[in-house]
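Here the structure is laid out as structure tokens; the discussion comes afterwards.
The values are calculated or read from the model by the stated rules, or taken from the named source; none is laboratory data. The model shown is predicted, which means the values in this text are computed figures rather than measured ones. Here the Cβ positions follow ideal geometry from the backbone for every residue, glycine too, while neighbour counts run over all protein chains shown. Accessible surface is based on the protein model in full, side chains and every heavy atom, while ligands, DNA and RNA are left aside. Shrake-Rupley method; radii C 1.70, N 1.55, O 1.52, S 1.80 Å.
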Amino acid sequence: MSLSAHLSKCTGDTYYLDTAVLTANCIKNYMVDSELDVVKDCTVDAWNGKVAESGNPSVFLTGVFLEGLSILASASGDEAWRQLSLKIANASMKMAKWHRNGWILSPTAGYSGSADAVTNSKGILIRGLRHVWNQDPHDSASRTSIQRYINVQYNALLDYARIGNYYSNEWTKPTIEPSTVGQMAALDVVSAAIEVNQ
């Protein structure tokens, strides 16, 4: 969806915009939890046209969808996509099971993946929120909420995850073990914090 929306903006070709809209509608209709307003894990059976939901809200998929929605809203000029991105961004920042210790992002509840996958998903969500913040100059309340949320994550990163010039997977308590994936997730947080605080 993100790639198609980007290509639409770059080329002006409506084929790419149509593809992005179809993808966004599919995700909105089949993967967004109607009560929680975040994207759920699911399995798509393309041969039979069925979607099997796991029911677990996905930090990773929500972040990817937020990024795509914000680019689609910009490419299409459709206010509905912008409003949906704001709604999902707001819900993701309030998702209690994804946070600990003062709303520090720690999405391990209901997740059976590796610690590296969890850490990667944190960076992806921050990147998605940064795109929403960047694409939405109109709504100062939403921009302020996203800025504050990113600042909480940035401060947690500095207070708990930083080990010299390295970062760990854990953002909610002091740690002594840096990781490559921790470094990658930290990059999203640091770059987002720089951008939203300029």
Kindly indicate whether Leu72 is over 13 Å from the mean Cα position of the chain (by Cα), closer than 30 Å to Gly12 by Cα and touching a residue at least 60 places away in the same chain (Cβ under 8 Å).
yes
Please state which of the following conditions Arg100 fails to meet, knowing it meets all the rest: (1) buried (at least 20 other Cβ atoms within 10 Å of the Cβ); (2) within 18 Å of the chain's Cα centre (by Cα); (3) in contact (Cβ under 8 Å) with a residue 60 or more places away in the chain.
(1)
Can you spot a residue in the stretch 84-106 that is touching a helix residue (DSSP H, G or I) at 6+ places or on another chain (Cβ under 6 Å), of a type in the set (D, E, K, R), at pLDDT 95 or above and part of a helix (DSSP H, G or I)?
no
Going through the stretch 24-36 one residue at a time, which ones are open to solvent by 50 Å² or more (accessible area, probe 1.4 Å) and either in contact with a Cys (Cβ under 9 Å, 6 or more places away or on another chain) or farther than 13 Å from Ala80 by Cβ (or both)?
Cys26, Asn29, Tyr30, Ser34, Glu35, Leu36
Residue under question is Ser168, and the condition is that it be open to solvent by 20 Å² or more (accessible area, probe 1.4 Å) and farther than 18 Å from Leu36 by Cα; does it hold?
no
Of the residues that sit in the stretch 37-51 and are open to solvent by less than 60 Å² (accessible area, probe 1.4 Å) and part of a strand (DSSP E or B), which one is farthest from Ile124 (Cα to Cα)?
Asp45
